[in-house]
1. I'd like to verify a number: residues in the range 1-52 that are over 25 Å from residue 142 (Cα atoms), open to solvent by 70 Å² or more (accessible area, probe 1.4 Å), of a type in the set (Lys, Arg) and part of a helix (DSSP H, G or I), how many?
2. Here are some conditions: (1) of a type in the set (Gly, Ala, Ser); (2) open to solvent by 20 Å² or more (accessible area, probe 1.4 Å); (3) without any contact (Cβ under 8 Å) to a residue 12 or more places away in the chain; (4) within 19 Å of residue 84 (Cβ to Cβ). Residue 146 meets all but one. Which one does it not meet?
3. At pLDDT 80 or above, outside any helix (DSSP H, G or I) and either open to solvent by less than 90 Å² (accessible area, probe 1.4 Å) or among the acidic types (Asp, Glu) (or both) - does that describe any residue in the range 113-133?
4. Is it the case that the range 31-50 has a residue that's at pLDDT below 85 and of a type in the set (A, V, I, L, M)?
Amino acid sequence: MRETRSDGELLRAAADGDRRAFEELYRRYAPWLTARLRGRCADRGVVDDVVQETFLAIWRGTARYREDGDVVGWIWRVGARRLVDTLRGDGARGRLRQTLARLRHRPEVSAEERVLAGVEHGDLAGALTRLSPELRAVLQATVVDGLTTREAAVLLGIPPGTVKTRAQRARKRLREELA
């Protein structure tokens, strides 16, 4: 029976040109990355392209893993940043605003929102659900997804200053509710 390699082992082997290791990494994480990115962008074509670009960057070595963190988190950061870069392209702001408008009014709860609501530290889950959707979106982009203020601004279609203000307001409200 063949032993399953860790994510780090697969990534190192893929960086050394091991095609099978790369294919295993792709099989493990491409569907997951696709699902997460679709929570950020409703355009399936854009998401599929970003997933392919993400894994091509991993294969070609243009996305560098420093071996000091979680492989899955690193893959997410590479993919999320590539999505932001793609959305910055021609006509992207209009498509992004339309996508976000549809996402804001959808009745289903995203996986991230479910995870945030399920946190069991004090009444953090309740405090998070009581935040406005705008404040939650900024926290999700900057804290959960690890995007910079500038990247979150592009993703959310708002100015960077608004991202900072909303993040401050969200943290203040959370502190007040949890104190």
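The values are calculated or read from the model by the stated rules, or taken from the named source; none is laboratory data. Values in this document were obtained by computation on a predicted structure and should not be read as measured data. Glycine also receives a Cβ, built like all others from the backbone with ideal geometry; neighbour counts cover every protein chain displayed. Protein only, heavy atoms only, side chains kept; ligands, DNA and RNA dropped before computing areas. Shrake-Rupley method; radii C 1.70, N 1.55, O 1.52, S 1.80 Å.
1. Selection size over the range 1-52: 4.
2. Here residue 146 clears every test but (3).
3. Yes, the range 113-133 has at least one match.
4. For the range 31-50, residues at pLDDT below 85 and of a type in the set (A, V, I, L, M): present.
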